[in-house]
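Down below is the structure, laid out as structure tokens.
Each reported figure results from applying straightforward, stated rules to the coordinates on display, with no laboratory input. On a predicted model such as this, the values are computed, not experimentally measured, just so you know. Cβ atoms come from the backbone with ideal geometry, glycine included; neighbour counts cover every protein chain shown.
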Amino acid sequence: MRPLDEAETTVVFEKLLKFTGNNLKNIVESPAHEGPDPNPGRYCFRLQKNRVHYVSEALVKRATNISRKNLVSMGTCVGRFTHGGKFHLTVQCLGLLAANAKHKVWLKPTSEMSFLYGNHVLKGGLGRITDGIQPGDGVVVFSMSDVPLGFGNAAKSTQDCRKLDPNGIVVHHQSDIGEYLRMEDDL
Amino acid sequence: MGRKKPQKIALPPALPPEVPDEDVEVSDEDLEFVNENVDFAGFLSTLDTHTIDKHVNRVADAKKVGEDALEAAYEKRLQKNKKKKDTEEEDKRVEVERVDALPVKSLDGKLYYRNLSEKKAEGGELVDGAGDDQKDMGLVRLTKAEKRAKLKKSKKEAKRLDNEAGGEKGDEAPQAAVLAEIQKDLSAEEIFESKKQKLAELGLALQADPEANIKSLKEMIQLCKDPNPTIVKLSLLSLLAVYKSIIPGYRIRLPTEKELEMKVSKEVKKMRFYESTLLSTYKGYLQRLVTLEQDPKFQHVAVRCICALLDAAPHFNFWQSLLSAVVSSISSTDDIIRKVSCDTIKSLFMNEGKHGGEATIEAVRMIADRVKALNCQMHPDSIEVFMSLTFDEDLVKPDKVDEDKKKPKYNKNNKRKNAEEPAQVLQNDKKRSRKEMATKMREEVAADFKAAAFTPDFAEKKKMQSDTLSAVFETYFRVLKQTMHSTTTSSEVNGNSISAHDPHPLLSPCLNGLGKYSHLIDLDYIGDLMNYLKRLAGATNGLIISERLRCCIIAFRVMRSNLDALNVDLQGFFVQLYNLLLEYRPGRDHGEVLAEAFKIMLCDDRHHDMQKAAAFVKRLATFSLCFGSAESMAALVTVRHLLLKNVKCRNLLENDAGGGSVSGIVARYQPDATDPNLSGALASVLWELNLLSRHYHPTISSIASGIANMSAAPGQAILRINSPQQAYRDLSLEKEAFDLQQDVVKSSNKRKKSLPNGASARTSLETDIAMSDSVDEEEELSRKFCEHFRVLEEMKENERARDELARTKVALQVYEEYKQLRKKKSKKQVKTVVAAQ
């Protein structure tokens, strides 16, 4: 385990920024109440076997006691680096993103299953959409009862969505909670 | 548009052969015969010679008419005083029988019988009140009078006519001299009265028979230039009335050179003359009005005249100049002028039938240009008029589509026919040519119909409507932009704001208009509009709270009208509302706007994010602790609504701080978070309800306790008050006094119940006394006092008696004991005595 270096930090923050916008500081600076210490520490990012984890400092201190090959995961895993050096967010960071998301999309109950199987979000399945989305923004997908289902990339701006026909793609699928079942081995 | 063709009636009989009048010899027998049999000579009088003469001599008659009428007026007035009258005229004056010419009542209340001179033009003075402008009817009447006149004279009237025609020219000069003398002699007041009367006469004459009296218009316009201001005003107003009644329903088109050269019938000539005179006088009148508008003395009258003219005849010539005059006075500082002009423009918008839509678009464009020129520093009424615009939303294409389809089809058929049967028999050719002719005729008919039809057809209407809409929205966007600029540079503007109260006065009617017409705006512009509104709502400097709230409200309304396109969640505006709640101050800001914002943004059927809803619930509860009953009530109604709708928020009513698993990501409540989603309100508790249930206002305390018990009893009785706006209105200060009294009575009752029974009599007396204060009867009071004292006495008696009883009882007991002791003593003595023996 090691802390991220400059380049890696930039890449990770960029990816997160697409989803959270200004709320990024909430992720980075929120006080961590975990652990027995009376003063809340901070959260930080650590790299372990090309997986990036979001852990509180108290936990990090204790995790150093476990040897590297025995340490599977700590805190929340937010993503992994590929061989080519690219960073991908995984579904486990959904909780973190959902709390701080700037752009949200709510799905109708009929099209929830389709999204959970890995399909893209069509306009006909859209219940509600936040205003002010630009193409390429990160969007978190919710169900109508505010359960986060996954996240993706916006294909069109909110304005253009109005004029789209019902089978147009609104959000490109990136990750959803169905992956816990489908890709159990990878996570 | 086309001229009104004079209706043709049966032509009068042909003229008798031209016989020089000198040769006519009328014998006495003939005279007698004619005198006896009046009717027989009737046909004689239907000669056209007179009308021809009238037409020919019309120009010469013009002055004559005026002067004769003037003289007639003077004469009647000065009958008593001046005998040096135009005896020459009196000769010409012929007493007309009262049947033919109805009398005129002057301003003095006297009846004047019209005198008819020989000149046919005077026939126009006949006031029969029929108001026909048909020349032929006039003819008939003319001839009737003439018949009478002729019969009276009976001899050689034609000769006389000629003599007079020759003689009158010579008479004009001395007449003018006489007139001048008369004028000098009359006093100023009499001049005033005479002018008024003249105005009345001319006006009536014009209304009755405009075509014949068109010259009088010039007279009246002359009066407008009078030095006396009252006369000017009166003449302007009377001209207004005249024009209103005689302006025709079509626009006058003056004949071109070519047409003037053509030979036309007398009726057409007459009509042309009438129209050209009308037009020229109207133009002169309008010019006079426009020049007078600048003059502060006549401003009100002039503006009123202009507005009334525009209202009555927006289709007539020169309407553009009228319109520009009205539009420029729309934003004047004078209240009356502004109100009159705004009302005119509003009625212009609402009665589109009168002018077929052209005036609407012209007016809207002019207003837009004016806004641009003045950089939005105008009175809000000027934009308020846009609210009366109506747009036809279902402009259906009727048969146009069919026509287009038919034509190419027909052509194709034709070509195919030609190709297939090139060498056909004549029959086919004939058929085809007949068909072609039929379609050509149809086309011609359609073209004629179109030309004659006054309402614009579908394509024109559509174009006009889109132009109007674009001008309206251009204005609104300009206002929004200007407001934004003024807020961004408000630090410099603050010192030297242009208008007295408001740096952006047009904002509120602009927002209203946007709310009303938002469903007509193109989808492309909605994004821009939302952007502007968001920026304005967030402008902390320059815009007051109510305006920012209105921006949010309008944004939601626009979104709602476009709901079928997409259900968009307006995140930014919720954040603004959340923060505006903290900045609200009851005295300075309008609570109704706040209540409306609550209703539209929170209470309407919107699906809300749990965190967001909980954040609003918590903040509203805190809000209702700080302000008066009205705002608190509005906030509490909203809270109740939100809690009813979002079941998950009800854990705010449970007493576990920290929220447990339902609290979501944020573990603790941050009361000063700016974003409702990150406030963590699901982890808080609504302890404010506890405090609110002890509020001094009974309604508020009841609703607070109702909300607190909501989780226990899901089927709640529905409160009367359903919307935050209604709540705010009900509980505003006017009604509060009444409620307080109720409360006092209630609390006194409570006090009464809680005391123990022993002292209840006394306390009941206290309440009785309290109540008896309001009852102003002394007998009652004294009676109650008597009772009270009696009761007191009885109580005292009872106590004394009881005490005595107790004492006697004690005494008896002691005696009993003593007796027993004595018995024992005696027994003991006996025993000892016995023992001693």
Computed from the beta carbon distance with a Förster radius of 41 Å, FRET efficiency for B:ASP295 and B:GLU592 to the nearest 0.05 stands at 0.40
Region B:218-326 -> Rg/Rh from Cα coords, Kirkwood Rh, value 1.03
For region A:26-92, what does the alpha-carbon gyration tensor say about shape, rounded, prolate or oblate, given a ≥ b ≥ c as the root eigenvalues, a/c under 1.5 as rounded, and a/b over b/c as prolate?
oblate
Taking every residue of B:516-525, the Cβ atoms of other protein chains inside 10 Å of its Cβ average out to 1
Going by alpha carbons, how many degrees (0 to 90, nearest 10) lie between the helix axis of A:6-20 and the longest principal axis of chain A?
40 degrees
Region A:1-143: relative contact order from alpha carbon pairs under 8 Å, six or more residues apart, as a whole percent, is 22 percent
Approximate spin-label separation B:ASP108-B:TYR815, in nm, with each point projected 7 Å along Cα-to-Cβ:
12.8 nm
How far is the Cα center of region B:505-528 from the Cα center of region B:542-593, in Å?
15 Å
Can you sort B:ILE191, B:ILE367 from fewest to most other Cβ atoms within 10 Å of each residue's own Cβ?
B:ILE191, B:ILE367
Using the Kirkwood radius built from alpha carbon pairs, what does the Stokes-Einstein equation give as D for region B:294-369 at 4 °C and 1.567 mPa s, in µm² per second?
106 µm²/s
Nearest 0.05, what FRET efficiency do A:ASN167 and B:SER705 give at R0 = 51 Å with Cβ-Cβ as r?
0.45
Going through the cross-link list B:LYS339/B:LYS462; A:LYS18/A:LYS156; B:LYS612/B:LYS648; B:LYS346/B:LYS534; A:LYS123/B:LYS612, which pairs have a Cα-Cα distance over 21 Å in this structure?
B:LYS339/B:LYS462; B:LYS346/B:LYS534; A:LYS123/B:LYS612
B:LYS266-B:THR390 FRET efficiency (beta carbon distance; Förster radius 56 Å; 0.05 resolution):
0.75
Label points 7 Å out from Cα along the Cβ direction at A:LYS49 and B:GLU797: separation in nm?
10.5 nm
Do you know the relative contact order of region B:541-624, to the nearest whole percent, from alpha carbon pairs under 8 angstrom that are 6+ apart?
46 percent
Among the Cα-Cα pairs of chain A, the proportion with separation greater than 19 Å, in percent, is 61 percent
